[in-house]
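Every read-out reported here was derived from the displayed coordinates using simple, explicitly stated rules and does not represent laboratory data. Bear in mind the structure is a predicted one, so any value in this text is a computation, not a measurement. Please note: Cβ atoms are built from the backbone with ideal geometry, for glycine as well, and neighbour counts cover all protein chains shown.
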Amino acid sequence: MKVVVIGGGISGLATSALLAKAGCEVDLFEARERVGGRAYTIKDGKFTFETGPSWYLMPDAFDQFYRLMGTTAAEQLDLVQLEPAYKTFYEAEPGKAPSEPILIHDLLGKNMEVFESVEPGAGEALGRYVASAQDVYDLSMKYFLYTNFDSVKPFLKPELLKRAGMFLSHLFKSLDGFAGQHVRDERLRKILDFPAVFLGASPYNTPSMYHLMTHVDMNVGVFYPQGGFYKIIESIAKLAKDAGVRIHTSSPVSKIIVKDGAAAGVLVGDEVVAAEVVVGTADLEFVETKLLEPKHQTYKPAYWNRKQPGPSALLVMLGVKGKLPELEHHTLLYSNNWKKNFDKVFKKADGKSQIANPASLYICKPSATDKSVAPSGHENLFVLVPAAPDVALGGEGDPALEAAADRIVDQIADWAGIPDLKSRIVTRHIMGPADFAKNLNAWSGTALGMAHTLGQSAFFRPRNKSKKVKGLYYAGHNTLPGIGLPMCLIGAELVYKHLAGDKSTTPTETLKPLAVRAGKPKKAR
Ligand SMILES: Cc1cc2nc3c(=O)[nH]c(=O)nc-3n(C[C@H](O)[C@H](O)[C@H](O)COP(=O)(O)OP(=O)(O)OC[C@H]3O[C@@H](n4cnc5c(N)ncnc54)[C@H](O)[C@@H]3O)c2cc1C
């Protein structure tokens, strides 16, 4: 079976690797000069800044992918568990001193003690919250993540039917509402709300089903691959190549060719590349509305106008002289105006998007764990400020966005107690919504993809298969199961499951041959 994969982010690389391992002849076309997509790097002297993922979550999804490829995460990556897992700072209430930062640890027991010290009874409440999170996580892994939802039969199991009430209540309650049933202290509630950001959504309209993420960060732990997240990309690209995938970079696809209602290949420059199966893993909105003629589109422009993109981001990458013990590997800054902050990220204020001021934001300091990312005596900071998915906010070099980045540096200096931060910055890069749109063909400049609201999750999320064109499949953060590196690995497996005719809901045991390879793999171009 001859397959063309569009896009060389983690979804395209993983899909091509699995399909090649299952016997297909695969060509992958990536528009940029390097693979990686959202998981990219900027080299600046001895600094290596990552511009995308920095949390290695759901290790079991990585383990499953690597197992299918005949290896293990331990063989491919040098993973370290972070302790503390992360630190949180809070904006001072007007007229009051800021409250002490809170550290979240590698063990649930320690976190229960931390919660208890902030609010009597919150320790035990966290224990109940995480037990529920683990229950929902385990059921989701078994029934809701590794499925294309093309049959209702697997969902009619007694184990699930008995829990229907619980599931329904978690679909219609918000994550913030569920957190509020467990803790009253605003700081603790923000800690439980935060995983919504990983899902490109606000805790006010994310179903509480996603409290399963707290099992991931507080029970399983937070990991970091030494050398950075690009090591994951490199390992998957190598596995793909070893399986025979031909990876073509600097090769944007400009059209999906359809003949008699079936995918027949793609157009790259003026070259027609024939294929029996095409897998689009660039942003689905772009693939559907720009690479297909209107009559072949399953998700037309009107569909995207009705849908909610997840947030974009102002990313600020800083090389800083000297050490920054005030910050951990992962540090979060939470503003008081929590709800207003989320409104700014999801809605335009007065018809114009703005970067919140002060902003709730996230700082990664990989140099805390990894000597390779900064020159000696320096720190590497990556600051992610969630922002509206609106290209009008601009990108690198845009004066308004650069000014917002200045403000963010001042805010970090103030809240984390680093008064000389600005003067110690030796290099700086920024990225904004316009860069996501320009570099990645991102829908509305979103950094993360379609928000995981109720109407955009599970059964309601775009499917991994075209309804209009036979042989056309999709993977990536806008399709099932959704946003994040582990979810994208699962999405890659979902394409394999489609081709294998596998309607099960559980992770694949072993890859079955999909077809005899048509000829020997040629050398990569
Ligand atoms: C700032 C940021 C922080 C994040 N943090 C985390 C985190 O901590 N943990 C986590 O798990 N996830 C995180 N994510 C999410 C995660 O990075 C993404 O969900 C994932 O990388 C998406 O991969 P993808 O392959 O679906 O899409 P992409 O990575 O966007 O890949 C799509 C590829 O298609 C290419 N392409 C576009 N148009 C064409 C064309 N015409 N022809 C050929 N190729 C084309 C693009 O260049 C790109 O390489 C983060 C994302 C961002 C942006």
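With +1 assigned to the C-beta of every Lys and Arg and -1 to the C-beta of every Asp and Glu, and no other charges, what is the dipole magnitude of region 109-218 about the Cα centre in debye, to the nearest 20?
With only Lys, Arg, Asp and Glu charged at Cβ, the dipole is about 380 debye.
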Given unit charges at Cβ for Lys, Arg (+) and Asp, Glu (-), the dipole magnitude of the chain about its Cα centre in debye, nearest 20, is 1860 debye
In region 109-218, taking the dipole from +1 charges on Lys and Arg beta carbons and -1 charges on Asp and Glu beta carbons about the Cα centre, the listed residue (LEU188, HIS215, LEU126) farthest towards the positive end is HIS215
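Over the Cα atoms of region 109-218, compute the convex hull volume and normalise it per residue, giving Å³.
Given the Cα convex hull of region 109-218, per-residue volume reads 104 Å³.
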Number of Lys pairs in region 109-218 closer than 26 Å at Cα, excluding neighbours under 8 places apart unless interchain, is 9
Stretched fully, the stretch from SER99 through LEU156 gains (0.36 nm per residue minus C-alpha distance, one decimal, in nm) 15.6 nm
By Cβ neighbour count within 10 Å, fewest first, PHE65, PHE155 rank PHE155, PHE65
For GLU113 and THR427, extending 7 Å from Cα along the Cα-Cβ vector and measuring point to point gives, in nm, a value of 4.1 nm
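Ranked by Cβ crowding within 10 angstrom, fewest neighbours first, how are SER169, SER367, SER444 ordered?
With the fewest neighbours first, SER169, SER367, SER444 line up as SER169, SER444, SER367.
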For region 322-425, the Cα-Cα pair-distance distribution in 5 Å bins from 0, as whole percents, is 2, 12, 20, 22, 18, 13, 8, 3, 1, 0
For region 109-218, averaging the sequence separation of alpha carbon pairs under 8 Å that lie six or more residues apart and dividing by its residue count, the contact order in percent is 34 percent
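Using the eigenvalues of the Cα gyration tensor, what equivalent ellipsoid semi-axes result for the chain when each is taken as the square root of five times the eigenvalue, whole Å, largest first?
Working through the eigenvalues yields semi-axes of 36, 27, 22 Å.
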Helix-only [θ] at 222 nm, the chain, -39500 (n - 2.57) per DSSP H run of 4+, per residue, nearest 500, equals -9500 deg cm²/dmol
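Any chance you could run the full-extension gain for THR506 through ASP185? It's 0.36 nm times the residue separation minus the Cα-Cα distance, nm to one decimal. If you can, show how the numbers build up before the last one.
Values: separation 321, 0.36 × 321 = 115.56 nm, distance 3.82 nm.
So the chain would gain 111.7 nm between THR506 and ASP185.
What's the exposure ranking of ILE355, ILE418, ILE425, going from fewest to most Cβ atoms within 10 Å?
ILE425, ILE418, ILE355
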Contour minus Cα-Cα span, ASP138 to ASP406, at 0.36 nm per residue, comes to 92.2 nm
When the charge dipole of region 109-218 is computed with +1 on Lys and Arg Cβ and -1 on Asp and Glu Cβ about the Cα centre, the Cα farthest towards its positive end, among GLY177, VAL197, THR147, belongs to THR147
Rounded to the nearest 5, the percent of antiparallel DSSP beta bridges in the chain equals 70 percent
Hits in region 174-190: amide N under 20 Å from the 7 Å Cα→Cβ extension of LEU454, namely 174-182
